[in-house]
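Engineer: Got a structure here, written out as structure tokens. Questions coming.
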Amino acid sequence: MTQLEQEIARRRTFAIISHPDAGKTTLTEKLLLFGGAIHVAGAVKSNKIKKTATSDWMEIEKQRGISVATSVMGFDYDDYKINILDTPGHQDFAEDTYRTLTAVDSVIIVVDIAKGVETQTRKLMEVCRMRKTPVMIFVNKLDRLGKDPFDLLDELESELGIAVRPLSWPIDQGPGFKGVYNLYQEKLDLYTPSKQTVTESVAFDDVSSPELEGYIGPGNAARLREDLHLIEGIYDTFDTETYLQGNLAPVFFGSALNNFGVKELLDCFVRIAPTPRYTKAEERLVRPEESSFSGFIFKIHANMDPNHRSCIAFLKVCSGKFERNVNYKHMRLGKQLKFSAPTAFMAQKKSVVDEAWPGDIVGLPDTGTFKIGDTLTGGEDLHFKGIPSFSPELFKYIENADPLKSKQLNKGIDQLMDEGVAQVFTNQFNGRKIIGTVGQLQFEVIQYRLEHEYGALCRWEPIHLHKACWIESDDPQALDQFKRRKYQFMAFDKEGRDVFLAESEYVLRMAQQDFEAIRFHFNSEF
Ligand code: G4P
């Protein structure tokens, strides 16, 4: 194997996603503890922004600044190099999470045993399904009373739209929680509710042995045998290939806070989770093993301090080896660029690196050179696709509040949109600009940044819209007719694509019914 192939084979790049409070931060922290990347619990605090009141976004941004270092956490575990990409806990930054999902090869979903599937999880899973990202599920908080595990599995299947297969099985829950039977490794993991210690486990491949009673008592033993029998009856044996195709999610049970079931999850994860996968470019599929470097920018993190207007652009390496001080082609600008201080993220530290491999994330200091979705290559003309925009949920007209500063305002809007803070739509009829976001907070962020970074003042005016849909049709006449009929509600997105702004669900449904030749898409990647 070449060094490149070896580096690819040992890499696992993934994101942990969950509804706020399910235990994502806690699980991340325990994984870092196993990797020896941190030594004390309580070191990972990046997601605590969700606890801040939504109106206090300055505080949120301050903490987001701190969380740059924890945006990507790399660590070594056994012979593996693991990259965890952090996703914002606050739902107003969901768009950030969608983009991060374009840079990972797999996902771990955390679900609270008591709460089951919650809204945010459902939405993020839609993105995974769209991209066929392999997912693993960790059912958390077994030390508390929650749903019946069989009911929960049914809920996961129906709510997340993916087949599931338990690879561990809980023995009671809440105060009576005794541990899990690990179906993947055929062992009994016994629970001792002591935080920050690794649990003890016993190899146990024959659950019919009377020794089981000795460990978990007669009632639990009988129940476990019955449950395992049922599982065999209901679920097919676990098939790694089906998981890798994104069609089957293995499920683990545990308690992240008590460090229970986490190592088991990690051990299975490193074994079955995908190595860096191919990336789709407009021109062709790019395989990680190709010797020539390529990568794309999936996230730009602005520094909120007006005295240091620098950003960090996050580059995902897709193929070949990335090297410091080597010239690469910036496709959109058609320019050669080299980087003297690219950073890698190990544990919670940022440090300058000389090289990076497929699956790795590199931080590039940026002063406005990058847009989300930009491609860098070793010379070949490639354009990576797949940083989709999703229909925003909130819309407002943005108006200039200082007529002398309209140039600054337009520049500011353009740059903030390139950075992915929100989306802008230009009404085709009257030219007014509409900003679409997924959360109220972004409007405040935009207004503040326009004023402090661009010296421009804006004003928001209400507009009542339900969704933005990207439209297309094979029939140009039908498309034309639709656009003429809906001329007041047609807009261009920032790439100049046609977008229909539907006022309400009803209007949208009627439009879908009346114009059968038109296809309506709720994301820009179709
Ligand atoms: P998030 O990133 O998904 O939003 O969740 P986070 O890890 O912050 O966890 C949310 C809350 O759930 C935290 O409590 C955390 O301690 C708790 N938690 C996580 N895993 C478990 C578990 O296995 N069992 C139990 N019982 N609780 C768990 P908090 O009180 O909100 O925060 P903190 O003050 O403990 O940090």
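Engineer: Going down the table (K263/K350; K350/K467; K115/K321; K371/K467), which pairs top 32 Å between alpha carbons?
Structural biologist: From the list (K263/K350; K350/K467; K115/K321; K371/K467), the Cα-Cα distance tops 32 Å for K350/K467; K115/K321.
Engineer: If you count, for each residue, the other Cβ atoms within 10 Å and average over each peptide, how do 208-217, 12-21 line up from highest to lowest?
Structural biologist: 12-21, 208-217
Engineer: Ignoring any ligand, DNA or RNA, what whole percent of the accessible area of the chain comes from carbon and sulfur when the probe is 1.4 angstrom?
Structural biologist: 47
Engineer: OK, next. Give the cross-link partners of K132 among the aspartates and glutamates, using a straight C-alpha distance below 17 Å as the criterion and excluding same-chain residues fewer than 8 apart.
Structural biologist: Filter leaves D105, E157, E159, D239, E241, E525.
Engineer: Nearest 20 debye, what's the magnitude of the dipole of the chain about its Cα centre given +1 on Lys and Arg Cβ and -1 on Asp and Glu Cβ?
Structural biologist: Here the chain has a charge dipole of around 1800 debye.
Engineer: Long-range amide H contacts for Q428: which residues qualify at under 5 Å (H placed 1.01 Å from N, peptide plane, sequence gap of 5 or more or a different chain)?
Structural biologist: Answer set, sorted by chain and number: M490, A491, F492.
Engineer: As an exercise, identify the trypsin sites (Lys or Arg not before Pro) in the stretch 260-344 lying in DSSP coil whose Cβ has no more than 11 other Cβ atoms within 10 Å.
Structural biologist: Hits after loop and neighbour filter: R284, K338.
Engineer: So, for the stretch 207-281, what is the accessible surface per residue at a probe of 1.4 Å, expressed in square angstrom?
Structural biologist: Normalised by residue count, the accessible surface of the stretch 207-281 is 44 Å².
Engineer: Relative to the Cα centre, what is the charge dipole magnitude of the stretch 102-173, using +1 at the beta carbon of each Lys and Arg, -1 at the beta carbon of each Asp and Glu, and rounding to the nearest 20 debye?
Structural biologist: 320
Engineer: Just to make sure I understand: if all protein chains stay in place, what is the order of M1, M130 by accessible area at 1.4 Å, largest first?
Structural biologist: From most accessible down to least: M1, M130.
Engineer: Cα gyration tensor of the stretch 210-296, axes a ≥ b ≥ c as square roots of the eigenvalues: rounded (a/c below 1.5), prolate (a/b > b/c) or oblate?
Structural biologist: prolate
Engineer: Let me check I've understood the local charge: for E211, count other residues with C-beta under 13 angstrom from its C-beta, Lys and Arg +1, Asp and Glu -1. What total comes out?
Structural biologist: Charge balance near E211 sits at -1.
Engineer: First check a/c for the chain, with a ≥ b ≥ c the square roots of the eigenvalues of its C-alpha gyration tensor; if it is under 1.5, answer rounded, and if not, answer prolate when a/b is larger than b/c or oblate otherwise.
Structural biologist: prolate
Engineer: For the charge dipole of the stretch 394-521, defined by +1 on Lys and Arg C-beta atoms and -1 on Asp and Glu C-beta atoms about the Cα centroid, which residue among I398, A517, I435 has the Cα displaced farthest towards the positive pole?
Structural biologist: I398
Engineer: Please compute the per residue accessible area over the stretch 394-521 with all protein chains in place, 1.4 Å probe, rounded to a whole number of Å².
Structural biologist: About 51 Å² of surface per residue is accessible.
Engineer: Calculated from DSSP H runs of 4 or more alone, at -39500 (n - 2.57) each and per residue, what is the 222 nm mean residue ellipticity of the chain, nearest 500?
Structural biologist: Value at 222 nm, helices only: -8500 deg cm²/dmol.
Engineer: Given that compact globular proteins tend to follow 2.2 N^0.38 Å, what is the ratio of the alpha-carbon Rg of the stretch 272-415 to that value?
Structural biologist: Scaled against compact globular proteins, the figure is 1.19.
Engineer: Now for a different question. Put +1 on the Cβ of every Lys and Arg and -1 on every Asp and Glu Cβ in the chain; which of N258, L248, C458 then has its Cα farthest towards the positive end of the dipole?
Structural biologist: It is C458, whose Cα lies furthest towards the positive end.
Engineer: Another question about this same structure. Per residue of the stretch 493-510, in order, report the coupling 6.51 cos²θ - 1.76 cosθ + 1.60 (Karplus, θ = phi - 60°) as ³J(HN,Hα) in whole Hz, putting x for Gly and Pro.
Structural biologist: 7, 6, 8, x, 7, 6, 10, 9, 9, 8, 5, 8, 4, 5, 4, 5, 4, 5
Engineer: Residue farthest toward the positive end of the dipole of the chain, with Cβ of Lys/Arg at +1 and Asp/Glu at -1: which of Y98, F339, V499?
Structural biologist: Farthest towards the positive end: F339.
Engineer: Quick check: net charge around I446, other residues with Cβ under 11 Å of its Cβ, Lys/Arg +1 and Asp/Glu -1?
Structural biologist: With Lys, Arg at +1 and Asp, Glu at -1, the neighbours total -2.
Engineer: Return the percentage of antiparallel bridges among DSSP beta bridges fully within the stretch 279-377, rounded to the nearest 5 %.
Structural biologist: 100
Engineer: Between E155 and L404, take the C-beta separation as r, use R0 = 45 Å, and let me know the FRET efficiency to the nearest 0.05.
Structural biologist: 0.20
Engineer: Please report the net charge: other residues with Cβ closer than 13 Å to the Cβ of F390, K and R +1, D and E -1.
Structural biologist: Result for the local shell: -2.
Engineer: Can you classify the stretch 394-521 as rounded, prolate or oblate using the Cα gyration tensor, where a ≥ b ≥ c are the square roots of its eigenvalues, rounded means a/c under 1.5, and otherwise it's prolate if a/b beats b/c and oblate if not?
Structural biologist: Prolate is the answer for the stretch 394-521, as a/c is 1.5 or above and a/b outweighs b/c.
The values are calculated or read from the model by the stated rules, or taken from the named source; none is laboratory data. Given the structure is predicted, the values throughout are model-derived calculations rather than measurements. Please note: Cβ atoms are built from the backbone with ideal geometry, for glycine as well, and neighbour counts cover all protein chains shown. Accessible surface is based on the protein model in full, side chains and every heavy atom, while ligands, DNA and RNA are left aside. Shrake-Rupley method; radii C 1.70, N 1.55, O 1.52, S 1.80 Å.
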